[in-house]
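Rule-based calculations on the coordinates, nothing more; no lab input. Note that the structure is predicted; figures quoted are calculated from it, not measured. So basically every Cβ, Gly included, is an ideal-geometry build from the backbone, and we count neighbours across all protein chains shown.
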Amino acid sequence: MKFILVSASRRRIEYLKGFGFIFEVKKVRLNEVIVEGNAVSTAIKNAYLKACSAHKSAPLLPVVGMDTVVEVDGKILGKPKNRKENLEMLHMLKGKAHRVITGIACLKKDFIMIDYETSIVEFRSDIEEDFFLRYVQTGEGLDKAGGYAVQGLASAFINKITGPVDNVIGIPVLKIYKIINAICEV
């Protein structure tokens, strides 16, 4: 089951290859959209826009787009634009539970499959400012929704995860597998 993955994320590419998926990678530049007050719609819309951007060039293969966002206190967090914004995001998450939503869109010919995965992540409340500053200086969180990478150094911030951990990484692999299998049967 070969497909096209629309992503610039090295971790998504490596993770999916690790599971033996066969795919081509298309990178696109997309101004991500925020649907105010609706994190699920935001993740799905951006995933769909990514998939659409590559669909015309390969209409016979399934094209998969994904987008991950973080929602805390009703605010939707994408990727921080700089270190200052990264630090602000981490402060918003400190001591709180937040949702991590990954939208998935798969297109093949005239068929569209859209789904999403949700996980709840609880940050520790005892993280000191200096620790956040050290993390931000690594740059690890700059290209991650919510400004942190659960699979990296930011694992120290996590108190608890409810739901798929791979979704927090931005790759809900079982959901992706099911969607690709279903659309390949079309």
Ordered by number, the GluC sites (Glu not before Pro) in segment 100-174 that occupy a DSSP loop and have at most 11 other Cβ atoms within 10 Å are Glu128
Tilt, helix 39-55 to longest principal axis of the chain (alpha-carbon atoms), in degrees rounded to tens, equals 40 degrees
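What does the C-alpha gyration tensor say about the overall shape of segment 97-186? Classify as rounded when a/c is under 1.5, otherwise prolate if a/b is larger than b/c, or oblate.
In terms of gyration-tensor shape, prolate.
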Which loop-located chymotrypsin sites (Phe, Trp or Tyr not before Pro) does segment 1-97 contain, where loop means any DSSP state but H, G, I, E or B and the Cβ has at most 12 other Cβ atoms within 10 Å?
Phe19
Which stretch or stretches of segment 141-162 have amide N atoms under 20 Å from the point lying 7 Å from Lys27's Cα along the Cα→Cβ direction?
141-145
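By the gyration tensor of its Cα atoms, with a ≥ b ≥ c the square roots of the eigenvalues, what is the shape of the chain: rounded for a/c under 1.5, prolate for a/b over b/c, or oblate?
Details: a/c = 2.03, a/b = 1.95, b/c = 1.04.
It is prolate, given that a/c is not under 1.5 and a/b is the larger ratio.
Helix-only mean residue ellipticity at 222 nm, the chain, DSSP H runs n ≥ 4 weighted -39,500 (n - 2.57), per residue, nearest 500. What is it? Please list the in-between numbers first.
On the way: 6 runs with 64 residues, N = 186.
Result for the chain: -10500 deg cm²/dmol, rounded to the nearest 500.
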Could you size up the charge dipole of the chain around its Cα centre, putting +1 on the beta carbon of Lys and Arg and -1 on that of Asp and Glu, and report it in debye to the nearest 20?
620 debye
For helix 129-138, what angle does its Cα long axis make with the longest principal axis of the chain, in degrees from 0 to 90 and rounded to 10?
40 degrees
